[in-house]
Amino acid sequence: MTKTKTDPSKRAERISWLLVTPLTCVLGFFLLLPILTIVTVSFWNYNEWSFFPDFVLDNYAFHLTSAVTWATYLKTLKFMVLTWIFCAGIGFTVAYFLAFHVQSLPAQVALFLVCTIPFWTSNIIRMISWIPFLGRNGIANSSLIHLGIIDEPLEWLLYSDFAVVLAFVHLYALFMVVPIFNTMMRIDKSLIEAARDAGASGFQILTNVIIPLAKPGIMIGSIFVVTLVMGDFITVRHMSGGQSASVGRIISNEISLLQYPAAAASSVVLLCTVLLMIGVMMRFVDIRKEL
Amino acid sequence: MEPRSRSFYLLAAFFTLFVIFLYGPVITIGILSFQGPRGGLTFPMNGVSLHWFFDLFEQQAVGDIWGSFRRSFALGLMVMSVTVVLSVMGGLAFRRRFRGSTVLFYLIIASLIIPSILVSLGVGLIFNILDLEVHWATSGFGSQLTWTLPFGLLIMFAVFNRFDKSYEEAARDLGASPWQTVRHVVLPIIAPMLIGVALFGFTLSYDEFARTLLTAGSYNTLPLEIFGMTTNVTSPVLYALGTLTTVFSFAIIGTFLLVVVILRRRRTKSGSDAGSGLV
């Protein structure tokens, strides 16, 4: 026993600090510092070979006045809204089924795992795996022709905006299922019984009891979907065959041209956009309460 | 129990479709990777063979698949260990409020929502400015931690929110030191959840692409290698690789889940009530 008479609450706080020191160091060096660096470099200047300290606003001026930027943001927002609609619809339905219609806990856990396992596999492989399905001579086209629904193969299945949204929904629907399922499992079943006793129809129970109580889960899922789609560059590039643009692709193109200050400025604008969206969504949910 | 309603069957059908949607494409490339030597990227199957798998083991025209697999595996293990340790430490610390805890909490959330490409770019820039060489085991390792740590920490926060503190009080009453309490009471109770954190740590690292893009340096990790292949390989060898890594991922996930099951079973067998502290 140490004989120093420190106030126990101070000692507890010191232990807490000690415990989070490594974590703070990692996030400080690999998250906070990189963001600060991006903000700094976004004011730097560059030429064909290198970039160097300076204070210019040209990177922002160019990025914000370019018509391409605005069109790309519009396009990215379109991807985001479509993906969000489908993910929310699918995520809610699947979570609702798991939480309220599957009655044994082991079955719930098993089916929930079935939904989450793809999350732990490679996104790139999951993207590639759509090629044989959607291609010109792919399964979708040949079965549609076989069934006599179409005569010519559909060209817009692969390497199109359709394919991009499809891949996004495929990759990110899980991010909706998991938090919505989590909040639904906490809904007190007696509330639903009470609603039923009071004469509510199944649909009324859904809209007046379950949806309001599942809102935090929907919000957390939405935060994931919004940030993942807004920052994406690889899904859009891969599934559109390089034809569609997204904000992430602007940044990744600037990086590959070694125009780091330009990429940094674009990144800052993207970051502000994402944080603004999340800020609005966070007003509807207290994440600390949802854990 | 209520009788199954019509909506049950409708929703069950929807769920089945969703599962087909999730797994169908991967199963398709699984089948197509057994294409005959003259087969193409889509159906029909032109014979059945292991040709493309053998092809993988031969010297590739592009890249170094096995080297990148070894690197990804090593990196996955590194990220996994650090994620588990730091998440437990963070979880323990966050059970009390301390000065700075709110800021740190939002930093953790920020780590989750800041687009991956920004982390990649920022870390790449830092190393560039400091004239350090980016390497998968240094800059790549750190960048991946910013993705795995929030998941690990959020799981631990959830675990400790449901943790019954009377177990610790009992240990303390019996004269256990704080360290003994953590070592012999808290850790055994949360062990199954730690397996979950480890699973997240390993798989998220093993599959991470965007955060390693600018931070891996001259030696690629497997996802970078695969992405490189998508642009210049147009034979089923790509599917064979995809099938192999997916099978590997499934094996890893299966192993982790098996460990959880074994831990649970051993507990019920030895009559310990550890774990029932988690409601």
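The values are calculated or read from the model by the stated rules, or taken from the named source; none is laboratory data. Keep in mind that this is a model prediction, so the values were computed, not measured. Note that each Cβ is placed from the backbone with ideal geometry, even for glycine, and that neighbours are counted across all protein chains shown.
Just checking: which of the helices (runs of 4 or more DSSP H) contained wholly in the stretch A:127-213 hold 3 or more residues that are within 11 Å of chain B (Cβ to nearest Cβ) and closer than 25 Å to B:Gly40 by Cα?
Working: elements: A:131-134, A:139-146, A:161-185, A:189-197, A:202-205.
Correct list: A:131-134, A:139-146, A:161-185.
Being within 10 Å of chain B (Cβ to nearest Cβ), part of a helix (DSSP H, G or I) and touching a helix residue (DSSP H, G or I) at 6+ places or on another chain (Cβ under 9 Å) is true for just one of A:Val274, A:Val236. Which residue is that?
Working: A:Val236 fails: within 10 Å of chain B (Cβ to nearest Cβ).
Answer to the selection: A:Val274.
Which one of these is in a loop (DSSP other than H, G, I, E, B), in contact (Cβ under 8 Å) with a residue 12 or more places away in the chain, among the polar types (S, T, N, Q) and at negative phi: A:Ser244, A:Ser266?
Values: A:Ser266 fails: in a loop (DSSP other than H, G, I, E, B).
Answer to the check: A:Ser244.
Within the stretch A:116-126, which residues are at the interface with chain B (Cβ under 7 Å from one of its Cβ atoms) and in a helix (DSSP H, G or I)? Before you say what the answer is, go through the steps one by one.
Looking only at the stretch A:116-126, we keep the residues that are at the interface with chain B (Cβ under 7 Å from one of its Cβ atoms), and these are A:117-118, A:120-126.
If the condition is that a residue be at the interface with chain B (Cβ under 7 Å from one of its Cβ atoms) and in a helix (DSSP H, G or I), then A:Ile117, A:Pro118, A:Trp120, A:Asn123, A:Ile124, A:Ile125, A:Arg126 are the ones that fit.
Which residue out of A:Ile35, A:Ile15 is more than 20 Å from A:Cys272 (Cα to Cα), at the interface with chain B (Cβ under 9 Å from one of its Cβ atoms) and either in contact (Cβ under 8 Å) with a residue 24 or more places away in the chain or of a type in the set (A, V, I, L, M, F, W, C) (or both)?
Details: A:Ile35 fails: more than 20 Å from A:Cys272 (Cα to Cα).
Result of the check over A:Ile35, A:Ile15: A:Ile15.
Give the number of residues within the stretch B:188-215 that are within 17 Å of A:Ile125 (Cβ to Cβ) and part of a helix (DSSP H, G or I).
Within the stretch B:188-215, the first condition is being within 17 Å of A:Ile125 (Cβ to Cβ), and the residues that meet it are B:202-210, B:212-213.
Next, only the ones that are part of a helix (DSSP H, G or I) stay: B:202-207, B:210, B:212-213.
Number satisfying all stated conditions: 9.
Return the only residue of B:Ile189, B:Ile226 being more than 11 Å from every other protein chain (Cβ to nearest Cβ) and surrounded by 20 or more Cβ atoms within 10 Å (Cβ to Cβ). First the steps, then the outcome.
Working: B:Ile226 fails: more than 11 Å from every other protein chain (Cβ to nearest Cβ).
The conditions single out B:Ile189.
Tell me yes or no: at least one residue of the stretch B:106-117 is at the interface with chain A (Cβ under 8 Å from one of its Cβ atoms), surrounded by fewer than 20 Cβ atoms within 10 Å (Cβ to Cβ) and polar (S, T, N, Q).
No, the stretch B:106-117 contains no residue that is at the interface with chain A (Cβ under 8 Å from one of its Cβ atoms), surrounded by fewer than 20 Cβ atoms within 10 Å (Cβ to Cβ) and polar (S, T, N, Q).
Among the residues of the stretch A:24-83, what is the count of those that are of a type in the set (A, V, I, L, M, F, W, C), buried (at least 20 other Cβ atoms within 10 Å of the Cβ) and modelled with pLDDT of 85 or more?
Just the residues of the stretch A:24-83 that are of a type in the set (A, V, I, L, M, F, W, C), to begin with: A:25-27, A:29-33, A:35-36, A:38-39, A:41, A:43-44, A:49, A:51-52, A:55-57, A:61-62, A:64, A:67-68, A:70-71, A:74, A:77, A:79-82.
Restricting the remaining residues to those that are buried (at least 20 other Cβ atoms within 10 Å of the Cβ) gives A:27, A:30-31, A:38, A:41, A:44, A:51, A:79-80.
Filter again for modelled with pLDDT of 85 or more, leaving A:27, A:30-31, A:38, A:41, A:44, A:79-80.
Number satisfying all stated conditions: 8.
Is it the case that A:Thr69 is touching a residue at least 12 places away in the same chain (Cβ under 8 Å) and not charged (D, E, K, R)?
Yes, satisfied.
Among the numbered criteria (1) surrounded by fewer than 17 Cβ atoms within 10 Å (Cβ to Cβ); (2) more than 9 Å from chain A (Cβ to nearest Cβ); (3) in contact with a Ser or Thr (Cβ under 8 Å, 6 or more places away or on another chain), which single criterion is violated by B:Ser72?
For B:Ser72, the exception is condition (1).
I need the full set of residues from the stretch A:171-214 which are touching a Lys or Arg at 6+ places or on another chain (Cβ under 9 Å) and surrounded by 18 or more Cβ atoms within 10 Å (Cβ to Cβ), in order please. Give the steps one after another, and end with the answer.
Initial filter on the stretch A:171-214 (touching a Lys or Arg at 6+ places or on another chain (Cβ under 9 Å)): A:171, A:183, A:202, A:205, A:213.
Matches in the stretch A:171-214: A:Leu171, A:Thr183, A:Ile205.
Being without any contact (Cβ under 8 Å) to a residue 60 or more places away in the chain, of a type outside the set (Phe, Trp, Tyr) and more than 25 Å from A:Gly241 (Cβ to Cβ) is the requirement here; does B:Leu258 meet it? First the steps, then the outcome.
Details: without any contact (Cβ under 8 Å) to a residue 60 or more places away in the chain: yes; of a type outside the set (Phe, Trp, Tyr): yes; more than 25 Å from A:Gly241 (Cβ to Cβ): yes.
Criteria met by B:Leu258.
Only one residue in B:Ile126, B:Ile155 is facing chain A (nearest Cβ under 7 Å) and in a helix (DSSP H, G or I), so which one is that?
B:Ile126
When the residues of the stretch B:129-140 are narrowed to those that are more than 9 Å from chain A (Cβ to nearest Cβ) and assigned to a helix (DSSP H, G or I), which ends up nearest to B:Ile117 (Cα to Cα)?
Step one: of the stretch B:129-140, the residues more than 9 Å from chain A (Cβ to nearest Cβ) are B:130-138, B:140.
Adding the requirement that they be assigned to a helix (DSSP H, G or I) leaves B:136-138, B:140.
Details: B:Trp136: 16, B:Ala137: 18, B:Thr138: 17, B:Gly140: 13 Å.
For the stretch B:129-140, the residue satisfying everything is B:Gly140.
I'm checking my understanding of the structure. Among residues of the stretch B:82-105 that are free of Cβ contacts under 8 Å to residues at least 60 places away in the same chain and assigned to a helix (DSSP H, G or I), which one is farthest from B:Arg162 (Cα to Cα)?
B:Val103
When you go through (1) assigned to a loop (DSSP other than H, G, I, E, B); (2) within 27 Å of A:Pro179 (Cα to Cα) one by one for B:Leu118, which number turns out not to apply?
B:Leu118 satisfies all of (1) assigned to a loop (DSSP other than H, G, I, E, B); (2) within 27 Å of A:Pro179 (Cα to Cα) except (1).
Do we find a residue being of a type in the set (Asp, Glu) and either facing another protein chain (nearest Cβ under 9 Å) or touching a Cys at 6+ places or on another chain (Cβ under 9 Å) (or both) anywhere in the stretch A:45-59? Before you say what the answer is, go through the steps one by one.
Let us first name the residues in the stretch A:45-59 that are of a type in the set (Asp, Glu), namely A:48, A:54, A:58.
Among the residues that remain, those that are also either facing another protein chain (nearest Cβ under 9 Å) or touching a Cys at 6+ places or on another chain (Cβ under 9 Å) (or both) are: none.
No, the stretch A:45-59 contains no residue that is of a type in the set (Asp, Glu) and either facing another protein chain (nearest Cβ under 9 Å) or touching a Cys at 6+ places or on another chain (Cβ under 9 Å) (or both).
Take the stretch B:202-223 and flag every residue that is of a type outside the set (Ser, Thr, Tyr) and either within 11 Å of chain A (Cβ to nearest Cβ) or touching a Pro at 6+ places or on another chain (Cβ under 7 Å) (or both). Step through it out loud before you land on a result.
Pass one, the stretch B:202-223, residues of a type outside the set (Ser, Thr, Tyr): B:202, B:204, B:207-211, B:213-214, B:216-217, B:220, B:222-223.
Within the stretch B:202-223, B:Phe202, B:Leu204, B:Asp207, B:Glu208, B:Phe209, B:Ala210, B:Arg211, B:Leu213, B:Leu214, B:Leu222, B:Pro223 meet the criteria.
Answer yes or no as to whether A:Ser222 is part of a loop (DSSP other than H, G, I, E, B), among the hydroxyl-bearing types (Ser, Thr, Tyr) and either more than 9 Å from every other protein chain (Cβ to nearest Cβ) or in contact (Cβ under 8 Å) with a residue 24 or more places away in the chain (or both). Give the steps one after another, and end with the answer.
Numbers: part of a loop (DSSP other than H, G, I, E, B): no; among the hydroxyl-bearing types (Ser, Thr, Tyr): yes; either more than 9 Å from every other protein chain (Cβ to nearest Cβ) or in contact (Cβ under 8 Å) with a residue 24 or more places away in the chain (or both): yes.
No.
In the stretch B:3-43, what residues are surrounded by fewer than 19 Cβ atoms within 10 Å (Cβ to Cβ), more than 9 Å from every other protein chain (Cβ to nearest Cβ) and at pLDDT below 85?
Hits for the stretch B:3-43 are B:Pro3, B:Arg6, B:Gly36, B:Pro37, B:Arg38.
Please list, ordered by first then second residue, the pairs with beta carbon atoms under 6 Å, 6 or more apart or interchain, first in the stretch A:113-130 and closer than 18 Å to A:Leu157 by Cα, second among the hydrophobic types (A, V, I, L, M, F, W, C) and in a helix (DSSP H, G or I).
Correct list of pairs: A:Met127/A:Ala167; A:Ser129/B:Val26; A:Ser129/B:Ile29.
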